[in-house]
Structures are given as C-alpha cells and as structure tokens.
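Novice: I have a structure I would like to understand better, so I am pasting it below and will then ask my questions one at a time.
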Amino acid sequence: MNVLEARRLFIEAVSKKREEEIELARASLLFAKELEYPELDIGRYMDTICSMAEEVRRYLGGSSDPELVVEKISRYLFFEKGFKGNTKDYYNPKNSFLNDVLDRKLGIPITLSILYMEIANRVGLAASGVGFPGHFLVKCKGKQGKDILVDPFNEGRVISERDCQTLLNRIYRGRLRFKREFLASATKKQILARMLRNLKLGYINSRNYKKALPVIDLILIVDPIAVDELRDRGLIYYALECFSHALSDLETYISLFPNASDRDLINHCIKNLKRLVEKIN
C-alpha cells in the first residue's frame, strides 16, 4: 500500500454511513501512513492491539463486571505495559500518531484514549470517547447504565464530575464551569478530526507548514464544513508563497463566513494576494 492508496482507504474508512462501521484505530494508522510513515505496516499494529486485548481478556477470567474490566485495563496498560502521558513533550507530533504511541508508550489524552477504547470494546466493555474541553476522556458503560469516566492520560484514573471541574480549573484557570453536556460521547469522525487538529497544531508550532497542509486536507475530508480550516490552509499557503492557492481558500472562507470576526484581517490578506497574483501573471 502506497501513500495515495492510504489516502483512498482513509476516505473510504470515514465515509461509512454507520458509526460502528468506522474502524477508529485503522483510520488513525492510515493517516499516519500517508503523513509520516509510508512504510507503516498497518496490519502489524492492528494485530498488536488485538493481542493486547486478548491479554486483558485472560486477566479477566471470564468476568464482565464493568468496574473490574476498567481496573484491569488500566493496570495492564499503565502499570504492566508502562504507557503514560507525555507531559514533557506534549505537543510533539509523534504523540498524535497511534503507531508511535504503541512503540514509545507515550501519548496525549486522545491517543491514549483511543488505545483504551479499542481494548475495552474488544473485551466486551462498551466504551466511547468524550471530547471534554482541553482533555479527552473515555466513558465506559457501567452497571445499571451508570457511566464510568476514565482519564487514560493520568494512568486510567476513574474520575467524578467534581474531578471534571478541577480539571477545567487547571486548564482554563476558573474561566469555564462544568456542564454535563461536556461528557457527551464523541463520534468517531469527531475524534479523528480532533486528533488531526492536534497534529496540525504540533506542525504549526514547530513551523513545519508544509506538513500541516495535508493534515488540513484530511480534516476537511472528515469534517467538510470546518470553514476555519479553509482559512488556516489559506494562511499557510500565503506563508509558503503559494499565492493563488492562498487566494482561493481565503476568498472561499469569506464567501462562506462573511461576518467572521477576523474578516478585516482576511480581506486585507485577500487584497494583498490579488496584487501578488496579478504581478506573477
């Protein structure tokens, strides 16, 4: 499978109509192959995840008690296997690639959560992602329909709603109050888009603008109405002196979002770009 085939298969993977048909881990590995690891053996990493789930299944000894399953998965991943949150180099793009997380045993909340969910669902515990503000979490179906909220970035700790407010205070310094809607399950497309946005931010922070461009292309495949991504891609093209592409994206952005809060800045860029394109032609 080459890089172009990886893109085709990624599009195919996220175009599934039913949520349960989207293979989150496989889609994550497909974009890793396209963006950074052309020689990536996707099947090998999928087999690794399946093998990890089988080890957890053996530890459970046939038990399906949700609290026990959560305890066993957390113990297995974070104490036996040594996975942990990368607090020292949080914005390193490697933290957003599932293959790197499996190899290095380091990740950020969303990639560690994906690994946790993949194992949980394989051993029979219904688990979904939670797009909590600033810190991705996992929600597992507990007894009598009560949810168990897990923080894979912090060694799989089970957290309460009070803990959620503490987490928000740490991230937003008291400017955001907890709402129950923050614990809604994220769709797999939303999870992939959030992963890709983290990766985009990592590349932009390291001024690797060329690598950020195909990431934005993938975000727009997953989330076609993400108008802000058109703006960001246009500004990156501008920085790379690809003026025609920049002009096209920024004009499209303004046409779709004429009352954008940054319209004055974008219109100024468009004016400059038109002059630059005319000069080239």
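Novice: Hey, could you check the stretch 228-241 for residues that are surrounded by fewer than 17 Cβ atoms within 10 Å (Cβ to Cβ) and not small (G, A, S) and say which is nearest to F31 (Cα to Cα)?
Specialist: D228
Novice: Filter the stretch 148-163 down to the residues that are more than 20 Å from the chain's Cα centre (by Cα), modelled with pLDDT of 95 or more and in a helix (DSSP H, G or I) and list them by number.
Specialist: D163
Novice: Working only within the stretch 1-30, note down all residues that are outside any loop (DSSP other than H, G, I, E, B) and over 23 Å from A53 (Cα atoms). Can you show your working first?
Specialist: Within the stretch 1-30, the first condition is being outside any loop (DSSP other than H, G, I, E, B), and the residues that meet it are 3-14, 19-21, 24-30.
Those that are outside any loop (DSSP other than H, G, I, E, B) and over 23 Å from A53 (Cα atoms): V3, L4, E5, A6, R7, R8, L9, F10, I11, E12, V14.
Novice: Here's a follow-up. Has the stretch 186-206 got at least one residue that is touching a helix residue (DSSP H, G or I) at 6+ places or on another chain (Cβ under 8 Å) and more than 30 Å from I22 (Cα to Cα)? Write out each step before concluding.
Specialist: Keep residues of the stretch 186-206 that are touching a helix residue (DSSP H, G or I) at 6+ places or on another chain (Cβ under 8 Å), which gives 186-189, 191-200, 202-204, 206.
Checking the rest, the ones that are also more than 30 Å from I22 (Cα to Cα) come to 206.
Checked the stretch 186-206: at least one residue is touching a helix residue (DSSP H, G or I) at 6+ places or on another chain (Cβ under 8 Å) and more than 30 Å from I22 (Cα to Cα).
Novice: Something else about it: Could you tell me which of the residues E181, E118 is free of Cβ contacts under 8 Å to residues at least 60 places away in the same chain and either of a type in the set (D, E, K, R) or in contact with a helix residue (DSSP H, G or I) (Cβ under 6 Å, 6 or more places away or on another chain) (or both)? I'd like the intermediate steps shown before the answer.
Specialist: Details: E118 fails: free of Cβ contacts under 8 Å to residues at least 60 places away in the same chain.
From the options E181, E118, the qualifying one is E181.
Novice: Answer yes or no: is there a residue in the stretch 183-201 that is under 29 Å from K72 (Cβ atoms), assigned to a helix (DSSP H, G or I) and more than 16 Å from the chain's Cα centre (by Cα).
Specialist: Pass one, the stretch 183-201, residues under 29 Å from K72 (Cβ atoms): 183-188, 190-192, 194-195, 198.
Then drop every residue that is not assigned to a helix (DSSP H, G or I), which leaves 183, 188, 190-192, 194-195, 198.
Filter once more, so that each one left must be more than 16 Å from the chain's Cα centre (by Cα): 183.
Within the stretch 183-201 (the criterion being under 29 Å from K72 (Cβ atoms), assigned to a helix (DSSP H, G or I) and more than 16 Å from the chain's Cα centre (by Cα)), the answer is yes, since at least one residue qualifies.
Novice: Quick test for you: out of K88, K81, K105, K143, pick the one residue that is among the basic types (K, R), in contact with a helix residue (DSSP H, G or I) (Cβ under 7 Å, 6 or more places away or on another chain) and either under 26 Å from P38 (Cβ atoms) or in the same structural domain as I42 (by TED's automatic domain parsing) (or both). Steps first, please.
Specialist: Details: K88 fails: in contact with a helix residue (DSSP H, G or I) (Cβ under 7 Å, 6 or more places away or on another chain); K81 fails: in contact with a helix residue (DSSP H, G or I) (Cβ under 7 Å, 6 or more places away or on another chain); K105 fails: in contact with a helix residue (DSSP H, G or I) (Cβ under 7 Å, 6 or more places away or on another chain).
Within the list K88, K81, K105, K143, the selection yields K143.
Novice: Please state which of the following conditions S63 fails to meet, knowing it meets all the rest: (1) within 21 Å of A127 (Cα to Cα); (2) modelled with pLDDT of 95 or more.
Specialist: Going through (1) within 21 Å of A127 (Cα to Cα); (2) modelled with pLDDT of 95 or more one by one, S63 breaks only (2).
Novice: Pull up the stretch 85-112, narrow it to residues that are of a type in the set (D, E) and assigned to a helix (DSSP H, G or I), then point me to the one that is surrounded by the fewest Cβ atoms within 10 Å (Cβ to Cβ). Even if it seems obvious, please write down each step before you answer.
Specialist: Initial filter on the stretch 85-112 (of a type in the set (D, E)): 89, 100, 103.
Next, only the ones that are assigned to a helix (DSSP H, G or I) stay: 100, 103.
Numbers: D100: 19, D103: 12.
Ranking the qualifying residues of the stretch 85-112, first place goes to D103.
Novice: I've got another one for you. Does at least one position in the stretch 25-37 carry a residue that is without any contact (Cβ under 8 Å) to a residue 12 or more places away in the chain and on the phi < 0 side of the Ramachandran plot?
Specialist: Of the residues in the stretch 25-37, the ones without any contact (Cβ under 8 Å) to a residue 12 or more places away in the chain are none.
The answer is no, given that none of the residues of the stretch 25-37 is without any contact (Cβ under 8 Å) to a residue 12 or more places away in the chain and on the phi < 0 side of the Ramachandran plot.
Novice: Condition first: more than 24 Å from Y90 (Cβ to Cβ), of a type outside the set (G, A, S) and touching a helix residue (DSSP H, G or I) at 6+ places or on another chain (Cβ under 7 Å). Can you find one or more residues in the stretch 207-226 that meet it?
Specialist: At the first step, the residues of the stretch 207-226 found to be more than 24 Å from Y90 (Cβ to Cβ) are 217, 220-221, 224-225.
Then drop every residue that is not of a type outside the set (G, A, S), which leaves 217, 220-221, 224-225.
Among the residues that remain, those that are also touching a helix residue (DSSP H, G or I) at 6+ places or on another chain (Cβ under 7 Å) are: 220-221.
There is at least one residue in the stretch 207-226 that is more than 24 Å from Y90 (Cβ to Cβ), of a type outside the set (G, A, S) and touching a helix residue (DSSP H, G or I) at 6+ places or on another chain (Cβ under 7 Å).
Novice: While we're looking at this one, here's another question. I need the full set of residues from the stretch 127-151 which are within 18 Å of I171 (Cα to Cα) and of a type in the set (G, A, S), in order please.
Specialist: G131, G134
Novice: Right, next: Among the residues of the stretch 132-147, are any of a type in the set (A, V, I, L, M, F, W, C) and part of a loop (DSSP other than H, G, I, E, B)?
Specialist: The first filter runs over the stretch 132-147 and keeps only residues of a type in the set (A, V, I, L, M, F, W, C), leaving 132, 136-138, 140.
Then keep just the ones that are part of a loop (DSSP other than H, G, I, E, B); that gives 132, 136.
Scanning the stretch 132-147, I find at least one residue that is of a type in the set (A, V, I, L, M, F, W, C) and part of a loop (DSSP other than H, G, I, E, B), so the answer is yes.
Novice: Tally time: how many residues in the stretch 46-67 are acidic (D, E) and assigned to a loop (DSSP other than H, G, I, E, B)?
Specialist: Residues of the stretch 46-67 that are acidic (D, E), as a first pass: 47, 54-55, 65, 67.
Add one more test, that the residue is assigned to a loop (DSSP other than H, G, I, E, B), and what stays is 65.
Within the stretch 46-67, residues that are acidic (D, E) and assigned to a loop (DSSP other than H, G, I, E, B) number 1.
Novice: It is to be established whether one or more residues within the stretch 57-78 are more than 22 Å from the chain's Cα centre (by Cα), without any contact (Cβ under 8 Å) to a residue 24 or more places away in the chain and crowded, with 18+ Cβ neighbours inside 10 Å.
Specialist: yes
The values are calculated or read from the model by the stated rules, or taken from the named source; none is laboratory data. If you're wondering where the values come from, they're calculated on a predicted model, not measured in any experiment. All Cβ positions, even for glycine, are placed from backbone atoms using ideal geometry, and neighbour counts span all protein chains on display.
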